[in-house]
Amino acid sequence: MLRLPDHWVWDHWFLPTAAESHLFFLRASRALQDPDRRHQRAAIGHAVRGPGGDWELVSDALVHADEPAFDSRACWTGSALELPDGRVRLFYTGVSAAENGTVQRIGWADSLDGRTFDRVAPAALEADPRWYEADPAAAGEVHWRDPFVFAGDDGLWHMLITARSREGEVAGRGVVGHAVSRDLDTWEVQPPLTDPAGFWHLEVCQQFVEDGQHWLLFSCAQSQVPEASRTPGGSEIWVARGDSALGPWDIAGARPVGPSDYYAGQALRDADGTLMLSGFRNIVDGQFLGEVGPPVPLLLPSSTD
């Protein structure tokens, strides 16, 4: 669906608006040669599509800021909303040059025209050490990224975050972090919505509903999940059943979904309302592809699975 000849493309997210659809994605130059270097040089690319049209590349939404900004090294994954006044708000992850990219924080930027984004966060949202790993020495980096923002039934805005608990076996501390806001400008970090269940992390979390059932979609490499859940050669995108948009979710009972070479899955609807799965193409025959694959039907586990 999206391959750039001069850049790798990986994590991505969608925003449909009244006028057009937006695709945001992480990108880094293939001139780096080693794809493992892409993370510390990532910018947030941007494409738009009108009704029935193809994706058209426009200027990058965000690139790294100047020091001493929290995102002076790179900008990573997030989500986007269309606000009632027509602005587009982009939530994203940033890492700084001063900390060698080891501490992740969350910020946001607004656009009046859907093209040019200006940072508006007075301060970045950080992991709260009362509940979360907040020292990079524990796992090599502070995991606090991939904000997924949605309106709750309680009148609050909720943010799901890739995070790690401060407690439990180090290899299995992955949890869904949580923050709330009344106005999208001031956020309060809350305790995690899940307990550690043996996953290193739950990346790019997204909650959705299908046929009245709540689900959580996330990604984690097969080598970083509980041994009982591993399916060698299987998908690294997972779904877990939940009782509401805020869980609790059965993380221990999560099941892999989608193609084995897709990662950072995104649930979306096609034109007729069919639930689809988008993901970037990760490793194929030992090589990193770095392109967004075509959406495929998202086949959820049955109640007997």
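The values are calculated or read from the model by the stated rules, or taken from the named source; none is laboratory data. Small disclaimer: the values here were computed from a predicted structure and weren't measured. All Cβ positions, glycine included, derive from the backbone under ideal geometry; neighbour counts span all protein chains shown. For accessibility, only protein heavy atoms count, side chains too; no ligands or nucleic acids. Shrake-Rupley method; radii C 1.70, N 1.55, O 1.52, S 1.80 Å.
Under the condition of being in contact (Cβ under 8 Å) with a residue 40 or more places away in the chain, surrounded by 12 or more Cβ atoms within 10 Å (Cβ to Cβ) and under 20 Å from Q207 (Cβ atoms), the residues counted in the stretch 128-154 number 11. If only residues of the stretch 19-50 that are assigned to a helix (DSSP H, G or I) and touching a helix residue (DSSP H, G or I) at 6+ places or on another chain (Cβ under 8 Å) are counted, the one that is most open to solvent (accessible area, probe 1.4 Å) is R41. Taking the condition more than 19 Å from the chain's Cα centre (by Cα), among the small types (G, A, S) and open to solvent by less than 30 Å² (accessible area, probe 1.4 Å), does S72 pass? Spelling it out, S72 is indeed more than 19 Å from the chain's Cα centre (by Cα), among the small types (G, A, S) and open to solvent by less than 30 Å² (accessible area, probe 1.4 Å).
Scanning the stretch 156-209 for residues that are surrounded by 24 or more Cβ atoms within 10 Å (Cβ to Cβ) and more than 19 Å from the chain's Cα centre (by Cα) yields a count of 0.
Does A80 satisfy being under 16 Å from the mean Cα position of the chain (by Cα), open to solvent by less than 40 Å² (accessible area, probe 1.4 Å) and more than 17 Å from Q266 (Cα to Cα)? Criteria not met by A80.
Of the residues contained in the stretch 234-255, one or more are found to be surrounded by 23 or more Cβ atoms within 10 Å (Cβ to Cβ) and part of a loop (DSSP other than H, G, I, E, B).
Could you please find all residues in the stretch 20-56 being among the hydrophobic types (A, V, I, L, M, F, W, C) and more than 20 Å from A74 (Cα to Cα)? V48, W55, listed by residue number.
Out of G101, G114, one residue alone is farther than 23 Å from S21 by Cβ and not β-branched (V, I, T). It is G101. On the basis of being part of a strand (DSSP E or B), aliphatic (A, V, I, L, M) and open to solvent by 30 Å² or more (accessible area, probe 1.4 Å), does L277 make the cut? Answer is no for this residue.
Yes/no per residue for (1) closer than 24 Å to D85 by Cα; (2) within 17 Å of the chain's Cα centre (by Cα); (3) at pLDDT below 95:
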residue: P5; (1), (2), (3): no, no, no
residue: L15; (1), (2), (3): yes, yes, no
residue: R37; (1), (2), (3): no, no, no
residue: A42; (1), (2), (3): no, yes, no
residue: H46; (1), (2), (3): yes, yes, no
residue: D54; (1), (2), (3): no, no, yes
residue: V58; (1), (2), (3): yes, no, no
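Could you check the stretch 51-64 and list, in sequence order, the residues that are surrounded by fewer than 23 Cβ atoms within 10 Å (Cβ to Cβ), farther than 16 Å from H39 by Cβ and touching a strand residue (DSSP E or B) at 6+ places or on another chain (Cβ under 7 Å)? Matches in the stretch 51-64: W55, E56, L57, V58, S59, D60.
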